[in-house]
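Enquirer: Right, I'll just put the structure down here and ask away after.
The values are calculated or read from the model by the stated rules, or taken from the named source; none is laboratory data. This one's a predicted model, so the numbers in the text were calculated from it and none came from an experiment. Note that we place each Cβ from the backbone using ideal geometry, even for glycine, and neighbour counts take in every protein chain shown. For accessibility, only protein heavy atoms count, side chains too; no ligands or nucleic acids. Shrake-Rupley method; radii C 1.70, N 1.55, O 1.52, S 1.80 Å.
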Amino acid sequence: MSYKLQFAELLPYWNVLLYGLVFTIVLTIVSTVVGIAVGTAGAAARTFGPGWLGRIVAVYVELIRNTPFIVQLFFIFFGLPALGLKLSETTAAFLAMVINLGAYSTEIIRAGIEAVPKGHIEAGLSLAMSKWEVLRHIVLNQAFRKIYPALSSQIIIVMLGSAVVSQISAEDLTYAANYVASRNFRNFEVYLLVALAYLLLAMLTRSLLRALGRVIFKAR
């Protein structure tokens, strides 16, 4: 059985694929920034906050980590309208990714916080620093240095998992691929191209995060 590759038939749709690529990149960047902020707050609440708040965060983490991302996405996009809260495809995709990354990064960052020597924390408290000042000035820097590789890997996992948002018609790279394939039926070419695009995105993201880590932690 012979098959002739015809990538030229994808050229009329380059703008669709480019838009999907940019959408995926922007969605990943914004979700990463907000998700890590949520994770940092969650980790701080579990280690330094009151017991009741730590238990609420623990329930949130277990709920998200033990349910499929696509189910979380569908609940936000299809389920919440039943309660009168209807979100756009883009907003639902962003919210689902933030909630998902926030839960995973909470546990990653918490592990880093707990790895900080208790003597460092006690030294900060002995200097009349509040526990939030100790967290900000002493703990988080050391914690992020320890867990940065794991956090970087989680960011890449979330970026690759963002392909699921195409299921609610968020116009990411996978949505663009589905659209093109439905128009010219060159399924092999379009999905091969998109697979290579995700591979390059993952490799580039890993390199950028590694370089960013060297800059951040070298300066401190």
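Enquirer: If we scan the range 72-79, do we find a residue that is at pLDDT 95 or above, more than 16 Å from F48 (Cα to Cα) and under 15 Å from the mean Cα position of the chain (by Cα)?
Expert: yes
Enquirer: Follow-up. Which numbered condition trips up E171, out of (1) outside any helix (DSSP H, G or I); (2) more than 20 Å from the chain's Cα centre (by Cα); (3) not aliphatic (A, V, I, L, M)?
Expert: Unmet condition: (2).
Enquirer: Of everything in the range 174-206, what is assigned to a helix (DSSP H, G or I), of a type outside the set (A, V, I, L, M), open to solvent by 60 Å² or more (accessible area, probe 1.4 Å) and free of Cβ contacts under 8 Å to residues at least 12 places away in the same chain? Give them in sequence order.
Expert: Across the range 174-206, the qualifying residue is only N187.
Enquirer: Restricting attention to the range 65-91, which residues are of a type in the set (S, T, Y) and surrounded by fewer than 14 Cβ atoms within 10 Å (Cβ to Cβ)?
Expert: Within the range 65-91, T67, S88, T91 meet the criteria.
Enquirer: Only helices (runs of 4 or more DSSP H) wholly contained in the range 1-106 count here; list those with 3 or more residues that are within 29 Å of A143 (Cβ to Cβ).
Expert: 14-48, 51-65
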